[in-house]
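The values are calculated or read from the model by the stated rules, or taken from the named source; none is laboratory data. The model shown is predicted, which means the values in this text are computed figures rather than measured ones. Using ideal geometry, Cβ is built from the backbone for each residue, glycine included, and neighbour counts are taken over all protein chains shown. Please note that ligands, DNA and RNA were not included when accessible areas were found on the heavy atoms of the full protein model with its side chains. Shrake-Rupley method; radii C 1.70, N 1.55, O 1.52, S 1.80 Å.
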Amino acid sequence: MSRIYLSAPELAGNELDLLRDAVASNWIAPLGPHVDAFEAEMCARLDVPHAVALSSGTAGLHLALEVLGVGAGDEVWLSTLTFAATANAVRYVGAVPVFIDSERVSWNLDPALLAQGLDEAARAGRLPKAVIAVDLYGQCADLDPIAQACRHHEVALIEDAAEALGATYRGRPAGSFGDLSILSFNGNKIITTSGGGMLLGRRKDWIDRARYLATQAREPARHYEHTVVGYNYRLSNLLAAVGRAQLADLERRVEARRATNAFYRSALGDLPGWSFMPEAPYGRSTFWLTCATLDARAFGADRDAVLDHLATDEIEGRPVWKPMHLQPAFAGYRTIGGAVAEQLFRDGVCLPSGSSLTPVQRERVAAAVRATPRSRS
Ligand SMILES: Cc1ncc(COP(=O)(O)O)c(C=O)c1O
């Protein structure tokens, strides 16, 4: 029986043609025509004027914080329900993370908790230097009130759209909302360069600064001159060629993941205690991963029993992200709320959702979920 992965990479078809072109041109470097074109094509698609292609989304987060001047002792507020990369980047610059709970309607950063927290922080005279809002599992956070609260207090907003390329919020693309926004092209993402990322923004000086820092902070001199510490974070021209082929196929991928989500909802929606991650009314999710929570008492089995049963059928499922405030690496940092994210972690599963998943494969997943041994079935 072939293994079904959570989110396997899928080739669009013309990657080799573009790769051949990159090889023939001898641009085997972390810069070149495909890097420039990939940046320009992403800018056009997201309607953001400036972008720098990077070796990972994590590098994008790190550079966003650097460019904003976030440093030792500054606070950065962020969603607690996220992948560790979001919080790791905060620590790279020596800043202090403050974790904010999710709202139920989108599972993303709760805008009311953020606004209230920022008001209180302003009164206490200790506002954060930046907020990072994560667009989780293919769905945008409620970005209008989040951006409004940040603007009101003159706090920079970074949009971590690593999981949400192709989604929209009130008709506008994910990745176009932050003062700076990041994307990831890691192997499990909706488009992939095997590893890669991008930092985007409206201020040319910020993206120029990020590009400079990502290129070892090399000064424009004949010799190697460095006035600050830099990083080796740029994307290879070979990988940018792959990214361009993938990006041209984005909309079909969104449709494929949405179709998988619709299938799971109809095939499993009648199971007692089972509820799918809601699609908030303000936007269109890609359903990068289809996720659901299950009430163990009503369903008769908990999320680990489901994941164990999937594993016996060679199907890869995952728990929903473990909130950052529960991670030993971030123990002791302040958290605003946290109970919603804790429940989503305790009860949440992610089902195979890759854009190459076949109808036969998703039937197999649904059958395996239904066949989970339950105490009351
Ligand atoms: C929410 C989120 N932020 C950041 C990242 C980091 O991206 P990368 O793996 O490209 O460094 C990921 C995933 O990989 C992610 O899911």
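The table for this structure:
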{"quantity": "The range 156-194: number of residues that are open to solvent by 10 Å² or more (accessible area, probe 1.4 Å) and away from the ligand (no atom under 16 Å from the Cβ)", "calculated": "7"}
{"quantity": "Hits in the range 123-142 - residues which are more than 15 Å from the ligand (Cβ to nearest atom) and free of Cβ contacts under 8 Å to residues at least 60 places away in the same chain", "calculated": "R123, A124, G125, R126, L127, P128"}
{"quantity": "Counted residues, the range 100-112 - those being outside any loop (DSSP other than H, G, I, E, B) and either within 12 Å of the ligand (Cβ to nearest atom) or not hydrophobic (A, V, I, L, M, F, W, C) (or both)", "calculated": "3"}
{"quantity": "For G197: the one exception among (1) open to solvent by less than 60 Å² (accessible area, probe 1.4 Å); (2) away from the ligand (no atom under 15 Å from the Cβ); (3) not β-branched (V, I, T)", "calculated": "(2)"}
{"quantity": "Residue list for the range 235-277, filter: of a type in the set (D, E, K, R) and either over 17 Å from G197 (Cα atoms) or open to solvent by less than 40 Å² (accessible area, probe 1.4 Å) (or both)", "calculated": "D249, E251, R252, R253, E255, R257, R258, R265, D270"}
{"quantity": "Filtered residue count, the range 109-122, keeping only those that are within 22 Å of the chain's Cα centre (by Cα) and either under 18 Å from V96 (Cα atoms) or free of Cβ contacts under 8 Å to residues at least 40 places away in the same chain (or both)", "calculated": "4"}
{"quantity": "Criterion: closer than 26 Å to L183 by Cβ, more than 18 Å from the chain's Cα centre (by Cα) and part of a helix (DSSP H, G or I) - qualifying residue of A329, A366, A298, A341", "calculated": "A329"}
{"quantity": "The range 47-99, subset β-branched (V, I, T) and open to solvent by 30 Å² or more (accessible area, probe 1.4 Å), residue farthest from the ligand (Cβ to nearest atom)", "calculated": "V96"}
{"quantity": "Contacts under 6 angstrom Cβ, first residue in the range 190-211 being in contact (Cβ under 8 Å) with a residue 12 or more places away in the chain, partner open to solvent by 20 Å² or more (accessible area, probe 1.4 Å) and of a type in the set (S, T, Y), 6 or more apart", "calculated": "G195/S56; G197/S56"}
